[in-house]
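Beneath this line is the structure, given in structure tokens, with notes to follow.
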Amino acid sequence: MVSIPHSLQQTPLLPEDAVLKVAVIGAGYWGPNLARNFKASSDWELCAIVDMDIERALKIARPLGDVPVFASLDELFAGTDVDAVAIATPARTHHAVAMAAMRAGKHVVVEKPLADHWEQGVEMVEFAATAGLILMADHTYCYTPAALKIRELIAEDALGEVLFIDSVRINLGLIQPDVDVFWDLAPHDLSVIDFILPGGLAPTTVAAQGADPLGSGKACVGHLTFELPNNAMAHINVNWLSPTKIRRMVIGGSKRTLVWDDLNPQQRLSVYDRGVNIEKASTTAAQRKAQAVSYRLGDTWSPALPEKEALGSMVQEFADSIRGVRPSRTGGLSGLRVLAVLEAASKSLAADGEHCRVADYESQLEGTR
């Protein structure tokens, strides 16, 4: 993982109780959710909605107290003063909008993915670091009570050594016009893996297989695999064509296995004290092959989780990171790590599923040290 040098980190310029001013850029699918949560937060004053379609912007702004609307960033910056912007525009525009905002001295949170090319993501991260600005990825699932609990359980070694992660994210539609199913759905799972593992998301290679049975010109069904530390592996299944909706992640550990079923509000997390007993005393391949496999059958329990909207926690995290309370847990580098895997997946898809190398951020970001 790459760390931004302390000398380039933003120093807190605002008191911890200062109310921050924000504009939401984009009034399409995700913009209304961002606007609603910023409006509801005591940390923020929602100052503007920006969209080229003024009527669409007004549909969001009116119920939120007639928030001012603007047709462009230029109009926004000329007409009102904000501390930050939240970008909810198509992925192909993220880089241009974020760079324009940061050049104007604004902190930025960007919905997934961070950009549509890794090199653009690098430029965004480097600019934010050198300008002393916060660049944060809106990896919303990381702020769910379930993901926060999983992170806690792994940190305290409740699951033991992670042996595998298997994630399924399938449903019927929406087929996106500008990205394939990997870029649309997999960022959720990749960002969660980056969030919950102490070492973050750092595979060397990625393999992706996809299919386009509709002839849409892009993969609508896909499988993504990559290695995890200690010879473990992760598998992500994404699908736009399934008549059933599944949001499930299984994390197998040497001590316990956890299942996250996001569509089961009564029991989102289940922890199973079941699995294969691993004899760590066996050091050679021959010894491990010869030893008998034994299974552990124990209790199952479900951690209690608070009911809290993830986006509310995300906008609070954005405010805390700007105030210098702590670095964001889904900062620009988290977005960049996810972006590197997505780009490698696209290369693998084009190469008929061959393993493709993930970009080496350590060497590419040498200039930020």
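The values are calculated or read from the model by the stated rules, or taken from the named source; none is laboratory data. Predicted, not measured: the structure shown is a model, and the values here were computed from it. Neighbour counts run over all protein chains shown; Cβ positions are idealised from the backbone, glycine included. Heads up: the accessible areas ignore ligands, DNA and RNA and are worked out on the full protein's heavy atoms, side chains in. Shrake-Rupley method; radii C 1.70, N 1.55, O 1.52, S 1.80 Å.
Descriptive notes on the structure:
- Shape of the range 32-120, Cα gyration tensor, a/c cut at 1.5: prolate
- Euclidean distance between Cα centres, the range 142-181 to the range 314-339, Å: 18
- Estimated 222 nm signal from helices in the chain, with DSSP H stretches of n ≥ 4 weighted -39500 (n - 2.57), rounded to 500: -9500 deg cm²/dmol
- Amide H partners (placed H, <5 Å) of His235, local residues excluded: Ile165, Asp166, Ser167
- Scalar couplings 3J(HN,Hα) for the range 54-59, obtained by applying the Karplus form with A = 6.51, B = -1.76, C = 1.60 to θ = phi - 60°, are 4, 4, 5, 4, 5, 5 Hz; x denotes Gly and Pro.
- The modelled label-to-label distance between Glu119 and Lys59, using points 7 Å beyond Cα along the C-beta direction, is 3.8 nm.
- From phi via Karplus (6.51, -1.76, 1.60), per-residue ³J(HN,Hα) for the range 158-170 in Hz, x at Gly/Pro: 5, 9, x, 6, 6, 9, 6, 10, 10, 10, 10, 9, 10
- Full-extension gain in nm, Arg326 to Glu75, via 0.36 nm per residue minus C-alpha separation: 87.1 nm
- For the chain, the mean projected area of the C-alpha convex hull, equal to one quarter of the hull surface, is 20.5 nm².
- Theoretical gain in end-to-end length, Ala18 to Lys308 [0.36 nm per residue, Cα-Cα removed]: 102.1 nm
- Approximate spin-label separation Glu227-Glu45, in nm, with each point projected 7 Å along Cα-to-Cβ: 5.3
- The listed residues Ile134, Ile165 rank as Ile134, Ile165 when sorted by accessible area, largest first, using a 1.4 Å probe.
- Placing R0 at 41 angstrom, the Cβ-Cβ distance between Asp178 and Thr204 gives a FRET efficiency of 0.90 after rounding to 0.05.
- Longest to shortest principal axis, alpha-carbon extents of the range 102-170, angstrom: 45, 28, 20
- Alpha carbon centroid spacing (whole Å) that separates the range 55-81 from the range 201-248: 38
- Amide H contacts under 5 Å for Ala219, placed H, 5+ residues apart: Val181
- Long-range Cα-Cα pairs in the range 148-270 (distance over 22 Å), rounded percent: 36
- Other-chain or far-sequence residues with amide H under 5 Å of Glu45's (modelled H): Leu20, Lys21, Val22
- For the range 75-159, averaging the sequence separation of C-alpha pairs within contact (under 8 Å, six or more residues apart) and dividing by the residue count gives a relative contact order of 25 percent.
- Only protein heavy atoms count here; on that basis, with a 1.4 Å probe, Thr244 has an accessible area of about 80 Å².
- Using θ = phi - 60° in the Karplus curve 6.51 cos²θ - 1.76 cosθ + 1.60, the 3J(HN,Hα) couplings for the range 41-52 round to 8, 6, 7, 10, 10, 6, 9, 6, 10, 10, 7, 4 Hz; x is entered for Gly and Pro.
- Gain upon complete extension [Arg274, Trp301; 0.36 nm per residue less C-alpha separation]: 8.6 nm
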